[in-house]
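Just so you know, all these numbers are worked out from the coordinates, no wet-lab data involved. Keep in mind the model is a prediction, meaning the values are calculated, not measured. Every residue, glycine among them, receives a Cβ derived from its backbone with ideal geometry; neighbour counts consider all protein chains shown.
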Amino acid sequence: MRLYYALPLLFCVQTAHAEDAPLLPPSVTKTSNQFLTLNVENDLFGNGTDRNYTSGVSLTYFDMGLEPSPLTRWLSKAIPTFNINPTTSVYYTIGQNLYTPDDIRIATYVPGQRPWAAFLYGSAGLATATANHIDEMEATIGVVGPLALGEETQRFIHSNVGSPDPKGWDNQLKNEPGLILSYQRRWPEEWSFDSNGLQLSVMPHAGATVGNVYTYGNIGGTIRLAPDDARFQDTPTRVRPAMPGTGFFHLKEGQFGWYLFAGVDQRLMLRNIFLDGNTFTDSHSVDKKYFVTDVSGGLALTYGKTRISYTLNWRSKEFNGQKDPSVFGSIGLGYRF
């Protein structure tokens, strides 16, 4: 049994026990369920600014039939509530995040504003279905500082789109290896309603993340509205910290589908290297706020094996002295093969 037999437990909004949950149509089990998703997050897609969390790019490969590697099996033992079973799927991500102060045209250090920083990373994760929930575990290894190539990336992009030249990268955080371990549980079937060919589901989640880059606990939930015949879809992948999602979708060949989603995630931030500064050396830092809230909403459109999504995210102020909350957009392009 692979994850595609258990997907109704994850994405279908039925109020039934696992043994009573309906199976996917045979057309699903006869096709490959590997996904490649490109996700681009940028504040220019939100409120048109160029500051705070200014850019995040990630590429995720999600495979529902790939056996977990020895490394991911070893990591799963670190979380007692996570179990590898026949439904377990594997995903891998590479990505880069950029963070800047309010005015990127200022070359000198500006006290009280967010530090310049970049994060280049790779992640390996597992997703497992059980009777009434889905567990996700992810390990991330990367580097913060000049080795993350934030200056080169932003200068290249800005020179080609006519944006101001970023002048303050000499003030960025110093080189430091980064390690993040994340665990999250979702309850996709907690509440669901069916009416007139539509399904409305409410999906709570909770999780914890530890590491020298991020350490936090989070809790929240997502509301999703989708046509009944296009219900086998999950929310898009996002750059952490963010709302959960695997990027899974399945429609019949040539079928068009859509769904709307909105959610909230409340985090207790104990460690954020992009605000607290380097762990082992002195660097620019600001006084972070311990409670941070994300509110997101978006639309996903799917045709056959291809899906495009847009998410608008509002993030509350993350540090003392921050002028405004952050607003950024996320564009995702996924392909099933």
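Excluding residues on the same chain fewer than 8 positions from Lys289, give the lysines whose Cα lies under 16 Å from its Cα. Cross-link targets: Lys317, Lys323. For Ala78 and Ala131, the FRET efficiency from 1/(1 + (r/R0)^6), where r spans their Cβ atoms and R0 equals 22 Å, is about 0.45. Note on Leu333/Asp170: beta-carbon distance plugged into 1/(1 + (r/R0)^6) with R0 of 51 Å gives a FRET efficiency of 0.90.
Of the Cα atoms belonging to the range 231-279, the radius of gyration and Dmax stand at 16.5, 51 Å. For the peptides 81-90, 160-169, the ranking by mean Cβ contacts within 10 Å, running from highest to lowest, is 81-90, 160-169. Spin-label pair Trp314-Asn160: with each label point 7 Å from Cα along the Cα-Cβ axis, the two points sit 3.4 nm from one another. Note: the range 262-337, Cα convex hull, 126 Å³ per residue. When Rg and the Kirkwood Rh are both derived from Cα coordinates, the Rg/Rh ratio for the range 3-336 amounts to 0.98.
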